[in-house]
1. Have a look at the DSSP beta bridges in the chain and tell me what percent are antiparallel, nearest 5.
2. If you rank 59, 3 by fewest surrounding Cβ atoms within 10 Å, what's the result?
3. Taking K and R as +1 and D and E as -1, what net charge do the other residues with C-beta under 15 Å from the C-beta of residue 24 add up to?
4. Quick one: net charge of residue 50's neighbours, Cβ under 10 Å, K/R +1, D/E -1?
5. So if each residue of separation counts as 0.36 nm, and I subtract the Cα-Cα distance between residue 23 and residue 51, what length gain in nm does that give?
6. Given R₀ = 22 Å, what would the calculated FRET efficiency be for residue 65 paired with residue 3, taking r from the Cβ atoms and rounding to 0.05?
7. For the chain, what is the largest minus smallest coordinate of the Cα atoms on each principal axis, given in angstrom and ordered from greatest to least?
8. Around residue 64, what is the net charge, scoring Lys/Arg as +1 and Asp/Glu as -1 over all other residues with Cβ under 11 Å from its Cβ?
Amino acid sequence: MELDVSFGWTTLVVPPGATVDVEEVEPVASPIWVRDTTAGGAGQGIHFVVRGRQVAGRLLIRRQRRLWRWRW
């Protein structure tokens, strides 16, 4: 996945069991947060490689949340 964001927030929602590699992302005045991506059978799903630039914003990577029938 190629990322080129300036002055904005990026949220990547991954399915359960997915892994994410963010080593090739260049954060410029931006934090990178990877949360809860190992829950639910880690390593058995899709592997995402994220590269590019995130300038003056935030990159958040998390798994899908679910409450009964609702997902977000």
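Every number here is computed from the coordinates shown, using simple stated rules; none is lab data. Note that the structure is predicted; figures quoted are calculated from it, not measured. Note: ideal-geometry Cβ built from the backbone for every residue, glycine included; neighbour counts use all protein chains shown.
1. Roughly 10 percent of the DSSP beta bridges within the chain come out antiparallel.
2. Lowest to highest Cβ neighbour count: 3, 59.
3. Result for the neighbourhood of residue 24: -3.
4. Result for the neighbourhood of residue 50: -3.
5. 9.3 nm
6. Plugging the Cβ-Cβ distance into 1/(1 + (r/R0)^6) gives 0.50.
7. Extents along the principal axes: 36, 24, 16 Å.
8. +4
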